[in-house]
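Accompanying notes for the structure given below.
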Amino acid sequence: MRQAIRHLTVEAPARGLVEFTSQVRGFVSEQRIQTGVLTIFCRHTSASLLIQENADPSVRRDLERYFATIAPEDPTRYEHDAEGADDMPAHLRTSLTQVQLSVPVERGQMVLGTWQGLYLFEHRREAPPRHIVLHLIGE
């Protein structure tokens, strides 16, 4: 059994989904682990991770619009606003999604569907670079 770990930085120019599948594919390929499990972890409470369709960009726009309706920026709704009006809505969006993903690895590649990609879902209007940890275990 072998393990490998890597820290990635993903930057989002604005709120929304940023695909980083190619960076993760490169990491998995370099490790030469044929069968295993890849864990992807986001080290933030106002951004999350998704496996989502990567063919049609309207899916990503619709997701953002949907989350804007269920966790809107409305200063009258929230007590927590330490980092601005988008702070608490960002935390709510993260709590409704996930900060960790598990992806099987088979024949040295992630087992993703044809139209699936890995995304950072940035929930802040102006966010710092986000830190993602990849951990691959297998043989």
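Phi angles across region 102-119 convert, under the Karplus curve 6.51 cos²θ - 1.76 cosθ + 1.60 with θ = phi - 60°, into 3J(HN,Hα) values of 10, 10, x, 10, 9, 6, x, 9, 5, 9, 10, x, 3, 10, 8, x, 9, 10 Hz, Gly and Pro given as x. Comparing Val103, Val59, Val24 in a Gaussian network model of the chain where C-alpha atoms under 10 Å apart are linked, the largest mean-square fluctuation is found at Val59. Computed 3J(HN,Hα) for region 38-43, one whole-Hz value per residue from the Karplus formula 6.51 cos²θ - 1.76 cosθ + 1.60 where θ = phi - 60°, is 9, 9, 10, 10, 9, 8, glycine and proline marked x. The slack in the chain from Glu30 to Glu79, taken as 0.36 nm per residue of separation less the alpha-carbon distance, amounts to 13.0 nm. If only the Cβ of Lys and Arg carry +1 and only the Cβ of Asp and Glu carry -1, the dipole of the chain around its Cα centre is close to 520 debye.
A convex hull fitted around the alpha carbon atoms of region 2-138 yields 96 Å³ per residue. Annotation note: trypsin sites (Lys or Arg not before Pro) in region 14-50 located in DSSP loop regions with a Cβ neighbour count of at most 12 within 10 Å are Arg32, Arg43. Between the alpha-carbon centres of region 73-112 and region 36-53 there is a gap of 9 Å. At full extension, Asp62 and Arg2 could sit 17.6 nm farther apart than now, given 0.36 nm per residue minus the alpha carbon distance.
A short reminder: the numbers here are calculations on the coordinates, not readings from a lab. Quantities reported herein were computed from a predicted structural model and do not represent experimental measurements. Neighbour counts are summed over all protein chains in view; Cβ atoms, including those assigned to glycine, are modelled from backbone coordinates with ideal geometry.
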